[in-house]
1. Identify the residue in the range A:139-181 that is surrounded by fewer than 17 Cβ atoms within 10 Å (Cβ to Cβ), assigned to a helix (DSSP H, G or I) and among the acidic types (Asp, Glu) and, among all such residues, is nearest to the chain's Cα centre (by Cα).
2. Would you be able to say whether some residue in the range A:85-100 is more than 30 Å from A:Gly193 (Cβ to Cβ) and modelled with pLDDT under 95?
3. Being crowded, with 19+ Cβ neighbours inside 10 Å, more than 8 Å from every other protein chain (Cβ to nearest Cβ) and under 28 Å from A:Pro117 (Cβ atoms) is the filter here, so list the residues in the range B:182-198 that pass it.
4. Go through A:Thr149, A:Thr173, A:Thr140 for me and flag whichever is more than 10 Å from every other protein chain (Cβ to nearest Cβ) and either in contact with a Phe, Trp or Tyr (Cβ under 8 Å, 6 or more places away or on another chain) or free of Cβ contacts under 8 Å to residues at least 40 places away in the same chain (or both).
5. It is to be established whether one or more residues within the range A:115-127 are out of contact with any Gly (no Cβ under 8 Å at 6 or more places or on another chain), surrounded by fewer than 20 Cβ atoms within 10 Å (Cβ to Cβ), under 18 Å from A:Thr71 (Cβ atoms) and among the acidic types (Asp, Glu).
6. Using the structure shown, decide if A:Arg77 is modelled with pLDDT under 90, within 26 Å of A:Arg141 (Cα to Cα) and charged (D, E, K, R).
7. Could you grab me the full set of residues in the range A:75-95 that are surrounded by 18 or more Cβ atoms within 10 Å (Cβ to Cβ), of a type in the set (A, V, I, L, M, F, W, C) and closer than 30 Å to B:Asp116 by Cα?
8. Against the conditions (1) farther than 30 Å from A:Ser195 by Cβ; (2) in a helix (DSSP H, G or I), where does A:Tyr32 fall short? Just the number, please.
Number of protein chains: 2
Amino acid sequence: MTGTPASPRRRGAARTEELLRVTLDLAAEVGYAGLSIEAVARRAGVGKHTIYRRWPSIAALLLDALSLVWTSDLDYRNAGDVRADLREQFLRSSLALSSPPIGPVYRAVIAEAQADPTLRATLHERFLITVEQSTLDRITRAQRTGELTAEANLEFAAEVLCGTLYYRWLLSTRPIDESAVDGLLDMFMAAYGSSNQN
Amino acid sequence: MTGTPASPRRRGAARTEELLRVTLDLAAEVGYAGLSIEAVARRAGVGKHTIYRRWPSIAALLLDALSLVWTSDLDYRNAGDVRADLREQFLRSSLALSSPPIGPVYRAVIAEAQADPTLRATLHERFLITVEQSTLDRITRAQRTGELTAEANLEFAAEVLCGTLYYRWLLSTRPIDESAVDGLLDMFMAAYGSSNQN
């Protein structure tokens, strides 16, 4: 890497990534309610129009920031069988949800989104669709290799896999622990594992 | 009913129910943030200590109110097979979530609970445990009659059944429509239906 000047595209990507990390750090410090494009611009040392050119709102910017950290820190390893890959991913997601900066910032965005349908739509479109799609890709591959039955309705299965554990996180103080993850995977594999056993 | 004086216990239950309905109506008018035990007492024409004697906080009172409406308006009919009963219940829950007074009041409580772990615990203990238990009772009965396999981990299955559809409701603007309910029930029945078919 040293000695080779980075290409303009690479420099652009690095600047974007830095801006998104600044956004997430600032959100963790001041909370969602205290966040603004102006404040991010000041902290990052860029003009606010530089940000407005690419992000229509602070919500869009923050959701891209969550998405960046989520998808770079959390991604299917494709190392094991489908159950093992899902399990590892869900346990890492659970850790992310229960730790700063993602946990509290994400929780605050979800709270805010309850009174703001536009933010709720943005949350799904800019962040959760990516997570659902990567889960759908992983289980579609497992269907192709014969680990999952051909009849499985994978699109909705991906939603169940991505969505179920939010119930614990948002509507109780119970942890998303190994037994919750295993319970969900037991049901998923009992439903769609190709031997109908797990 | 006419002519027969109600028993003291019956009058007490009727007064409690009226107080809970007043609480829910007031919450729908003023929002969760504007709600207080004092305001409920004024509206109901009772002393605030009458309320404090039975409910430690406005959150506890409101969650009992949600619970009352939820469990009296929504309850398993036990009319059909397990899939049909779950389906009817989930479609009615979906309607309740998308309509006033339950929908917006419940959404506001959930939003508030994100910054308040005590409220989150109360939400689960005073309201959701009842819903989970009634679902668990219904599927346990189906296991006894042989509609569901003996091996099913019903406790976690009840959580998946109760929890999954919140993902749509809280984290997107997609409706909890028939296809979502059917997708969830497809997975549940594929996993635990006694023939492993649905």
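The values are calculated or read from the model by the stated rules, or taken from the named source; none is laboratory data. Keep in mind the model is a prediction, meaning the values are calculated, not measured. Glycine gets a Cβ as well: all are built from the backbone with ideal geometry, and neighbour counts include every protein chain shown.
1. Applying the filter and picking the extreme gives A:Glu155.
2. First pass over the range A:85-100, keeping only residues more than 30 Å from A:Gly193 (Cβ to Cβ): A:99-100.
Next cut, modelled with pLDDT under 95 only: A:99-100.
There is at least one residue in the range A:85-100 that is more than 30 Å from A:Gly193 (Cβ to Cβ) and modelled with pLDDT under 95.
3. B:Leu185
4. Numbers: A:Thr149 fails: more than 10 Å from every other protein chain (Cβ to nearest Cβ); A:Thr173 fails: more than 10 Å from every other protein chain (Cβ to nearest Cβ).
It is A:Thr140.
5. Yes; the residues of the range A:115-127 include at least one that is out of contact with any Gly (no Cβ under 8 Å at 6 or more places or on another chain), surrounded by fewer than 20 Cβ atoms within 10 Å (Cβ to Cβ), under 18 Å from A:Thr71 (Cβ atoms) and among the acidic types (Asp, Glu).
6. Details: modelled with pLDDT under 90: yes; within 26 Å of A:Arg141 (Cα to Cα): yes; charged (D, E, K, R): yes.
For A:Arg77, the condition - modelled with pLDDT under 90, within 26 Å of A:Arg141 (Cα to Cα) and charged (D, E, K, R) - is met.
7. A:Phe90
8. Of (1) farther than 30 Å from A:Ser195 by Cβ; (2) in a helix (DSSP H, G or I), only one is false for A:Tyr32: (2).
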